[in-house]
Amino acid sequence: MNSEHICSRVFKFGSIVTPEWIGRHYVTEIENKPKVELREMISDIKQRYRCVVSIEQVRRAKQWAKELIEGKLNEHYARIWDYAQELLRSNPGSTCKEGNRVGWMLLKGPGKGELLTTIGRDANNQVFPIAWAVVDVENKDNWTWFLELLKDDLDLGTSVDLVVISDQHKGLLESVKVILPHVEHMQCARHIYANFNKAFSGLELKKLFWACAMSCVEGDFLRNMEKIKTISPSAYEYLMSKEPKTWCRAYMSVGFACEAVENGISECFNSIIVKARKKPLITMLEEIRIHIIDRFSFMNDECTKWKGNICPEVIKKMNLFGKNFRLWLVVHSLGNVFEVRRACASYKVDLDGRVCSCRLWDVSGIPCVHAIAAINYIHQTPDGYISAYFSVNKFKECYSTNISLVNGSNMWPLTGYNKPLPPVGRKMPGRPRTKRRRHASEKESKFSSTSRVKPPRTVRCANCLEYDHFLHCTI
């Protein structure tokens with residue numbers, strides 16, 4: 001062996017390096033940083049091991065390491081029955097079923113699919129996950145299957161005292177009519193505006209739309225709709241065809257303590273599990289389960305720090321409602337009945353009946369600005385007039401139970417059922433998107449290239465060599 005070399009160092013021996021070899025050396029880094037850049041790995045391999053590898057080698061190595069960490073897709077589907085049996089053992093009374101037309105599917109990982117969720121609001125007006133299911137596609141059959149299980153588990157019965165807010169997916173709308181025919185089904189106003197804005201854009205129409213959605217009495221809604229009709233009759237016809245009774249506060253039933261006109265709380269839960277949705281099936285379900293366990297435990301500890309009988313987020317909302325209560329004139333009638341006036345506006349407030357003619361208190365369960373003005377007039381605190389739905393005791397009742405812990409996969413019982421296979425992925429036309437598709441109502445970042453306003457293109461006439469032609473020029 002000649003230990004003295006005078007030739008220059010050669011790095012281009014990456015072809016003899018296999019993706020498995022790279023994956024074994026970088027499995028820890030990929031586990032700690034799943035979104036490590038491929039070119040960053042190439043640079044590190046060159047510096048650490050003195051060889052140059054291609055970006056395709058690194059891509060395959062990263063995929064190999066992820067499969068080693070999370071398990072292959074086939075292995076996840078093969079053990080889905082064992083996982084379900086372990087959940088049923090550790091959490092008696094739970095529901096783990098596979099529908100005839102519903103296949104277990106991923107969301108953003110090797111396979112594509114949909115995660116159906118039901119999200120409620122707790123006594124502090126925050127996210128409260130209720131149920132979730134993984135399906136291959138969002139359609140009427142899958143929503144019907146999901147809602148049937150939900151109805152049985154929660155013992156909803158006729159569901160006359162239930163409010164559901166959802167998007168405009170046709171399969172969900174039809175399924176709710178069949179499974180929960182007596183429920184008050186509201187549509188998310190944000191989804192309606194997103195479609196409305198595609199055809200009728202403009203700041204003035206946007207303000208009027210949300211003024212219509214937030215109107216608590218029918219008269220205010222009709223006046224705002226007339227303003228829209230003056231600006232654009234077609235926009236008026238479009239909104240009236242979307243059944244305003246399903247997205248306007250003026251037509252909401254009272255007594256449910258819910259004045260929300262949008263379904264942002266579901267989007268909030270989706271943003272929490274956005275990383276988990278890219279994992280294989282069992283890994284994704286386990287991360288969601290662990291997140292909910294941590295959340296329930298945190299909420300139980302958090303409520304011990306609260307002072308008073310009403311949850312703090314509800315107090316903040318009440319203070320927002322009554323921000324300008326000192327500008328209103330209170331006229332005392334008989335008992336606890338008042339007339340609250342400001343300029344030409346006048347509302348009747350009955351503190352004993354806990355109603356106001358503006359209907360915001362009736363719908364939300366939280367005193368409106370008129371009620372707060374009347375309550376302060378008799379030197380009482382508005383906290384005592386908030387609905388019992390928002391009490392700390394109700395909050396503790398919401399989180400009084402938690403999901404029981406489960407054993408690791410090495411201790412799962414072997415069910416012996418036929419092992420299901422992953423469904424065939426649906427390949428959609430075009431290049432796959434890497435970013436979330438934004439609604440038309442969402443603003444682009446000021447640093448985004450798409451947010452820059454491009455200058456109008458100026459075309460020069462080939463005949464007269466002049467600019468800004470709107471008529472055909474002939475010679």
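Worth a mention:
- Every residue from segment 397-417 that is under 15 Å from T304 (Cβ atoms) and exposed (fewer than 15 other Cβ atoms within 10 Å of the Cβ): E397, S400
- Boolean, G171 is open to solvent by less than 40 Å² (accessible area, probe 1.4 Å), of a type in the set (G, A, S) and either under 29 Å from S357 (Cβ atoms) or more than 22 Å from the chain's Cα centre (by Cα) (or both): no
- Residues located in segment 209-231, provided they are polar (S, T, N, Q) and open to solvent by less than 20 Å² (accessible area, probe 1.4 Å): S215
- Residue under evaluation E287, criteria (1) open to solvent by less than 60 Å² (accessible area, probe 1.4 Å); (2) in contact (Cβ under 8 Å) with a residue 12 or more places away in the chain; (3) not hydroxyl-bearing (S, T, Y), criterion not met: (1)
- For segment 210-254, a residue qualifies if it is in contact with a strand residue (DSSP E or B) (Cβ under 7 Å, 6 or more places away or on another chain) and in a helix (DSSP H, G or I), and exactly one does: T246.
This table checks each residue for (1) within 28 Å of A131 (Cα to Cα); (2) in a helix (DSSP H, G or I).
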site	(1), (2)
I293	yes, yes
S297	yes, yes
V314	yes, yes
N319	no, yes
K323	no, no
V330	no, no
F338	no, no
G353	no, no
V363	yes, yes
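- If the condition is being basic (K, R), open to solvent by 60 Å² or more (accessible area, probe 1.4 Å) and part of a helix (DSSP H, G or I), then segment 261-280 contributes only K278.
- Any pair with Cβ under 8 angstrom, 6 or more apart, that starts in segment 306-329 at a residue that is closer than 19 Å to S387 by Cα and of a type outside the set (A, V, I, L, M, F, W, C) and ends at one that is open to solvent by 100 Å² or more (accessible area, probe 1.4 Å) and assigned to a helix (DSSP H, G or I): N309/N393
- Looking across segment 374-396, the residues that are open to solvent by less than 10 Å² (accessible area, probe 1.4 Å) and closer than 19 Å to G335 by Cα come down to A374, I375.
- Of the criteria (1) of a type outside the set (S, T, N, Q); (2) assigned to a loop (DSSP other than H, G, I, E, B); (3) without any contact (Cβ under 8 Å) to a residue 40 or more places away in the chain, which one C258 fails: (3)
The values are calculated or read from the model by the stated rules, or taken from the named source; none is laboratory data. Bear in mind that the values here come from a model prediction, so they are computed numbers and not experimental data. Every residue, glycine among them, receives a Cβ derived from its backbone with ideal geometry; neighbour counts consider all protein chains shown. For the accessible areas, the whole protein counts, side chains as well, though only heavy atoms, and no ligand, DNA or RNA atoms are used. Shrake-Rupley method; radii C 1.70, N 1.55, O 1.52, S 1.80 Å.
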